[in-house]
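Everything below concerns the one structure shown next.
The values are calculated or read from the model by the stated rules, or taken from the named source; none is laboratory data. This one's a predicted model, so the numbers in the text were calculated from it and none came from an experiment. Quick reminder, even Gly has a Cβ in these numbers, built from the backbone with ideal geometry, and neighbours come from all protein chains shown.
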Amino acid sequence: MDPQVVESNPGKCPICHMELTAVRKSRQQHPDEIKLSPEQIQLGNIRVDTIRSTSMGNETLLTGTVNFDQSALNAVSTRISGRIEKLYYKNIGDPIFKGARLYDLYSEALNNAQQEYLLILQKQKALGNSIVNYNDLAQSAQSKLLLWGMSALQLTELARAGKAATTTAFYSTAGGTITELGVKEGDYVAEGGTIIKMANLSKVWAEAQVYTSQRSAFNPSSTVSIQFPDLPGKTLQGKITFVNPEVNPDNRINLIRVVVPNKDNLLRPGMPAYVTVKDPRRKIVSLPSDAVLRNGKMSAIWVETAQNTFKSRMVETGQEGDGFIEIKSGLQPGDAVVTSGAYLLQSEYIFRNGDNPMAGMDMSKMKM
């Protein structure tokens, strides 16, 4: 006999012409419940599990960009005017080590100061300090040359040689990668003019944009994973170090910043990055995502009220991930919920009763 055929009187099936089997009416306490036979439960793969608390964390994926660590930017400027006679680094992106020779400068004022220093040393050697205190004069001349950018080692070499060179070499006071080159050979530079700008790329920033509505989904102590499309398989961990307190009023976008180590020097400013923010896991009531039926306006599940008897119940859902969904209200630990076969139960109910059990549900009457 075909199971979809239901008649009110005894007789034969109009499809297969077999004798109809009598079915006893079940005495259900509630008209909105549905009772199935053990065979139907087995064929429908309907499984029931007792609700219990579990832990779940939220993940938010943000798109970002690698940027310079602004606290590790340096600039090399001239302390005295002159002409760049020789420039030893001429390309943006070149690495520079601390103490490397950057440029040779011709400066008439600097050459005169060196000559004065040498003259003081010569008079001190010939006359001593009996008439004039040449120690103070030499110290004053040294201080002037040091303030103009010469090193103590250069002053020692100048005193040993007893003769000033036409140009003076200047060295880098920091290490990094050239980001901006402001001069070329032959240029005249004024006092305070910038020669080069450099950045230390041993660590960089991953800056990501986040909508203000997403900020409540994470906190500054959240764990952050950073992936780089240009470097497949490379994933780094970090912490949010800065959240911009100012929100762009035009697009309601905020900025978060993560400091990322760059030991292999593979990360370059301008590279795209994916920043995944993970909330700390917390205790919640959750169900497999397939156990929750949704129609766009509400969510419902099926609970077992008695043996082989089921009833639809509205729930309020929350976060979803890893195949599970948070149940914020409508259930509590200890409820027996259909975790597999909920869609079959829904179809069977509609087939028997002709309407959707979710149609008459009221949010204000959810079981808390």
Quiz item: Is it the case that the stretch 334-345 has a residue that's modelled with pLDDT of 75 or more, in a strand (DSSP E or B) and charged (D, E, K, R)?
Solution: no
Quiz item: Quick one: how many residues across the stretch 151-210 are of a type in the set (Asp, Glu) and more than 29 Å from the chain's Cα centre (by Cα)?
Solution: 4
Self-check item: First in the stretch 153-172 and more than 25 Å from residue 98 (Cβ to Cβ), second anywhere and not in a helix (DSSP H, G or I), Cβ under 7 Å, 6 or more apart
Solution: 166/106
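Considering every residue within the stretch 127-147, establish whether at least one is touching a Gly at 6+ places or on another chain (Cβ under 9 Å) and among the hydrophobic types (A, V, I, L, M, F, W, C).
Scanning the stretch 127-147 turns up no residue that is touching a Gly at 6+ places or on another chain (Cβ under 9 Å) and among the hydrophobic types (A, V, I, L, M, F, W, C).
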Quiz item: In the list 105, 110, 87, which residue meets the criterion of being touching a Gly at 6+ places or on another chain (Cβ under 6 Å), more than 23 Å from residue 260 (Cα to Cα) and not assigned by TED's automatic domain parsing to the domain that holds residue 206?
Solution: 105
Self-check item: From 28, 40, residue being at pLDDT below 95 and part of a loop (DSSP other than H, G, I, E, B)
Solution: 28
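When you look at residue 65, is it within 30 Å of residue 333 (Cβ to Cβ) and outside any loop (DSSP other than H, G, I, E, B), yes or no?
Working: within 30 Å of residue 333 (Cβ to Cβ): no; outside any loop (DSSP other than H, G, I, E, B): yes.
Against the criterion (within 30 Å of residue 333 (Cβ to Cβ) and outside any loop (DSSP other than H, G, I, E, B)), residue 65 does not qualify.
Out of 256, 240, 284, 226, I need the residue that is at pLDDT 90 or above, of a type in the set (A, V, I, L, M), closer than 30 Å to residue 326 by Cα and in a strand (DSSP E or B). Which one? Give the steps one after another, and end with the answer.
Details: 256 fails: at pLDDT 90 or above; 240 fails: at pLDDT 90 or above; 284 fails: at pLDDT 90 or above.
Of the residues listed, the single one that is at pLDDT 90 or above, of a type in the set (A, V, I, L, M), closer than 30 Å to residue 326 by Cα and in a strand (DSSP E or B) is 226.
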